[in-house]
Amino acid sequence: MNVQNAHIDWMSVADFYAAIKHKTDAEWEQMLLKSVADPVVNGVLLPVFPGSDLQTETHGHSGEVSMRESIAYFNEVRNYAAFAEHPVHEERVLLDFGAGWGRISRPWMRSVHPSNIIGFEPNPRRVAQARSCNPYVTFIHTNPLPPSRLADESVDYVVAFSVFSHLDEYSTRK
C-alpha cells in the first residue's frame, strides 16, 4: 500500500504492541513479509511501505527483498546483543541512526516496545515518509553530526545499516 493521499486508521501504539509482542520469531517474520503486499496481517495493521521508487532510491531494492534484509540484520544484531550479555528487551531504547524511511526499525517493534524506538534521519523527506508509513515509532529529523538532541546514555542500542555510504568524507571523520 502506498501512503500518498491515503487515510489510514492506525491502531494505538499500545494496541499494536499488544497484538504482536507474543508472536514467535517465525510468526513475526511472516507478518512482516506479508505486510509488503497488504499492511493488515492477521487483523493487525502493520506499517505501510513507501513507493518502490523511494525504496530503491534509498537502498537499491524494494519490497520483500528489503524486508528480508532488515530481518536478517535484526537477527544478527539481536544475537550479538545476547552474546554480549545485553539481550534485547521491550523496555530498552533503540536508536536507528540513519533511519531512512524506517525499514530497519520494523523487525525491532516486537522485541523493543515501539514507543522506545527512535529513528534519527538527516533527510527531512525521509523523515516525513517514515512518519507517514509507521506511526508506531518516533522519527526525528536530526543533523548527521554530533551533538544530538538526545541526552547522554539515554539509549541502550544504536543500529546503523548502510549509513556510512550515504555520508561525505568530512562526516565520516567526525
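The values are calculated or read from the model by the stated rules, or taken from the named source; none is laboratory data. Only a predicted model underlies this, so the values are computations on that prediction, with no experimental measurement involved. Note that we place each Cβ from the backbone using ideal geometry, even for glycine, and neighbour counts take in every protein chain shown. Areas reflect the complete protein model, heavy atoms only, side chains present, ligands, DNA and RNA absent. Shrake-Rupley method; radii C 1.70, N 1.55, O 1.52, S 1.80 Å.
Of all the residues that make up the range 76-86, how many are free of Cβ contacts under 8 Å to residues at least 12 places away in the same chain and either part of a helix (DSSP H, G or I) or touching a Ser or Thr at 6+ places or on another chain (Cβ under 9 Å) (or both)?
To start, the set of residues in the range 76-86 that are free of Cβ contacts under 8 Å to residues at least 12 places away in the same chain comprises 76, 79-80, 82-85.
Next, only the ones that are either part of a helix (DSSP H, G or I) or touching a Ser or Thr at 6+ places or on another chain (Cβ under 9 Å) (or both) stay: 76, 79-80, 82-83.
Residues that pass the stated criteria total 5.
In the range 24-47, the residues that are under 18 Å from Gly102 (Cβ atoms) and modelled with pLDDT of 95 or more form Cβ pairs under 6 Å with partners that are of a type in the set (Val, Ile, Thr) and part of a helix (DSSP H, G or I), at six or more places apart or across chains, as follows: Glu29/Ile71.
Name the one entry in Ala81, Ala151, Ala99 that is modelled with pLDDT of 95 or more and either exposed (fewer than 14 other Cβ atoms within 10 Å of the Cβ) or not polar (S, T, N, Q) (or both). Result: Ala81 is the single residue among Ala81, Ala151, Ala99 that is modelled with pLDDT of 95 or more and either exposed (fewer than 14 other Cβ atoms within 10 Å of the Cβ) or not polar (S, T, N, Q) (or both). Report yes if Arg125 is in contact with a helix residue (DSSP H, G or I) (Cβ under 6 Å, 6 or more places away or on another chain) and either in contact (Cβ under 8 Å) with a residue 12 or more places away in the chain or surrounded by fewer than 24 Cβ atoms within 10 Å (Cβ to Cβ) (or both), otherwise no. Taking the combined requirement at face value, the residue does not satisfy it. Any residue in the range 51-62 that is in a loop (DSSP other than H, G, I, E, B), open to solvent by less than 70 Å² (accessible area, probe 1.4 Å), without any contact (Cβ under 8 Å) to a residue 24 or more places away in the chain and within 17 Å of Cys133 (Cα to Cα)? Yes, there is a match, as at least one residue in the range 51-62 is in a loop (DSSP other than H, G, I, E, B), open to solvent by less than 70 Å² (accessible area, probe 1.4 Å), without any contact (Cβ under 8 Å) to a residue 24 or more places away in the chain and within 17 Å of Cys133 (Cα to Cα).
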